[in-house]
Amino acid sequence: MKRTLFERTTRLFLAMVLFVSVFGGCAAAPIQSGLPSSVQVTVLFFNDLHGHLQPFEIKAETGKQEVGGIARMATLINQIRAENEAKHVTTLVLVAGDILQGTPMSTVFRGEPDIKCLNAMGVNAVTVGNHEFDFGLENFLMLQRQANFPFLSANIVDKQSGRLLAQASLVVPLSNGLNFTIIGITTRELMTTTKPDNVATLQVLDSVAAVQQVYEEVKGAGPVLLLSHSRHQTDRAMAEVLPDLAAIIGGHDQILLSPYRTVGRVPVFQAFEKGRYLGRIDLQIETKSKQARLLAHTYIPITAQIPADPAIAAIVAEYDARLGAQFKEVIGQSRVFMDGERGHIRYEETALGNFITDIMVENTGAQIGMINSGALRSSIKEGPVTVEDVFKAMPYANELVLVNLTGAEIEQTLARSVQGAREDEDGGFLHVSGLFFDVRGRQVENIRIGAKQTPLNKAGAYQVVVPDFLASGGDGHQIFKDKPQVKTGSPLRELIVETIKQRGTIDAKVEGRIRRIADK
């Protein structure tokens, strides 16, 4: 029997509605509202880049391996962004702090190339890290003006005015009345992990309270993600207080949280360091409930097999050329691998720590040399050593300072040095010259002075050479702060370069200066 045009059209419409309701799944559009029942968001992220715009070598089980490179990361981001645009999926690129400090390029140009690369990559937001202030507050404010993205931090305020130094949050509209909010938070260790003068006018508020306050202002409009540059323990505390967070993306500890951690219902992620991984999480957000659900997650290694994005590679090449030949100059040879790997140098004696503290003593005549392990950021490999290698190992422009301490004060200083466990990766752990001691648990024992290893005289006076960062109370070593100090005018990094040039060959080693003894 023939059907009228009206009947045929009606049946076709009903069939289409049935098809969408059955096969459309979460993307189906309710007839009543005209809005999709859910939307998807992909969040790409990394943390603790520390100036590593160029690829670098690591030791792997299979030998040397080249990893990282911001231009390779940009290629991945562009590919994922293009795939998502075709599917009408929003892509956000977030950085969980510490973009600066760790390579000659970042140090010499004070973060300028880092910001240019992040701008060209279309980064959406960066949390303020503690090392963003290593070149001073004014430099940070200049970088903030140069950035096409907001720096986020809900807890750094100006002491005098009480105003936030950066935006507390970024709100990304997804659809009518539905937002995706990113809150930034910064570690309170900011006040001890950069020179005090750099942050003298600032104050860092309690992280949990600051995030709670912003969360209360934005909740109800859609999912909230926390972009944190804090210790993992702090991230856990914030997750416990705010169980409805969509996710926490962390930094500062420089660990790979794979698999991710879950605190209550909150997944917590972190993508290691130096641009070695690009993290990805895919979220499905229900339009009606405005709640997010984690669909998928991964960490993508940045390897030599990924082609470099030409635009980003051009920026890096420009600044590399401007660095000049001075950084590529071979200044000597090392017969040994001088270990500066974070998991080692922040807990145990290494040849690198011994080599540098010996230079400090030799060039000042002090009885004892001490340097905080947080000042040493990379290993010096066996073989040819360049100026660039020294800058990577010692990115900070530290001046040597002489301080007189009593034996009792030296004992207190060493007690602070060994307070952390290996997993804490405490930058306040000290490397020493002219000093020997044992560590049992978190207690210091059997402190000896000089080549003859004479027992420490608690009432005696000793001249100690330290970097100016340590002399100002950095990394929690407050005992130096109010002591009379003599500035030597000697920049440590330059002394290291000159020492290697003069010696030609380095043969540093571990000597038992710091012995960890197991409890009986």
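Of note:
- Cα-based reach from LYS116 at 16 Å (exclusive), listing aspartates and glutamates while leaving out same-chain residues under 8 positions away: ASP98, GLU132, ASP309, GLU318, ASP320
- Element breakdown for the chain at a 1.4 angstrom probe: carbon and sulfur atoms account for 52% of the accessible area.
- In the assembled protein chains, THR454 presents an accessible area of approximately 70 Å² (probe radius 1.4 Å).
- Accessible surface of VAL336, taken over heavy atoms with a 1.4 Å probe and every protein chain present, rounds to 40 Å².
- Net charge of Cβ neighbours under 10 Å - reference GLU348; Lys, Arg +1; Asp, Glu -1: +2
- Label-zone membership for the stretch 104-138, site ASN78, 7 angstrom Cα→C-beta point, backbone N under 12 Å: 120-122
- Of the cross-linked pairs LYS59/LYS509; LYS452/LYS509; LYS87/LYS274, those separated by over 21 Å at the C-alpha level are LYS87/LYS274.
- Averaged per residue, the chain has 44 square angstrom of accessible surface, using a 1.4 angstrom probe with ligands and nucleic acids left out.
- In this structure, the residue pairs whose Cα-Cα separation is over 31 Å, taken from LYS195/LYS458; LYS64/LYS487; LYS195/LYS501; LYS392/LYS458, are LYS64/LYS487; LYS392/LYS458.
- Accessible surface ranking that places the most exposed of HIS88, HIS50 first, with a 1.4 angstrom probe: HIS88, HIS50
- Residue-span extension gain [ASP482 to ARG422] - 0.36 nm each, minus C-alpha spacing: 18.6 nm
- Length-normalised contact order for the chain - Cα pairs under 8 Å, 6+ apart - percent: 14
- Against the chain, whose longest principal axis comes from its Cα atoms, helix 492-503 is set at around 60 degrees.
- 13 Å Cα-Cα reach of LYS219 towards aspartates and glutamates, excluding residues that sit fewer than 8 places from it in its own chain: ASP244
- Evaluated at q = 0.16, 0.17, 0.19 Å⁻¹, a Debye calculation over the C-alpha positions of the stretch 376-415 (equal weights, vacuum) places log10 I(q)/I(0) at -0.64, -0.67, -0.71.
- For the stretch 400-509, pairs of C-alpha atoms spaced more than 25 angstrom apart make up 28 percent of the total.
- Segments 180-191, 472-483 sorted - mean Cβ within 10 Å per residue, highest first: 180-191, 472-483
- Among 318-327, 459-468, 128-137, the order from most to least packed when residues are scored by Cβ within 10 Å on average: 128-137, 459-468, 318-327
- Both radii were evaluated on the Cα set of the stretch 276-384; the Rg over Rh quotient, with Rh as the Kirkwood radius, amounts to 1.18.
- Helix axis angle, 310-323 relative to the chain longest principal axis, alpha carbon, degrees: 20
- Expected-Rg normalisation [2.2 N^0.38 Å, Cα atoms] applied to the chain: 1.12
- With Cα atoms, 0 to 90° folded angle of helix 112-121 axis to the chain main axis: 20
- Take every pair of alpha-carbon atoms less than 8 Å apart whose residues are at least six positions apart; their mean separation over the length of the stretch 40-123 yields a relative contact order of 40 percent.
The values are calculated or read from the model by the stated rules, or taken from the named source; none is laboratory data. Fair warning: this is a prediction, and the values are worked out from it, not measured in the lab. Note that each Cβ is placed from the backbone with ideal geometry, even for glycine, and that neighbours are counted across all protein chains shown. Quick note on the areas: whole protein, heavy atoms, side chains included, nothing else; ligands and nucleic acids left out. Shrake-Rupley method; radii C 1.70, N 1.55, O 1.52, S 1.80 Å.
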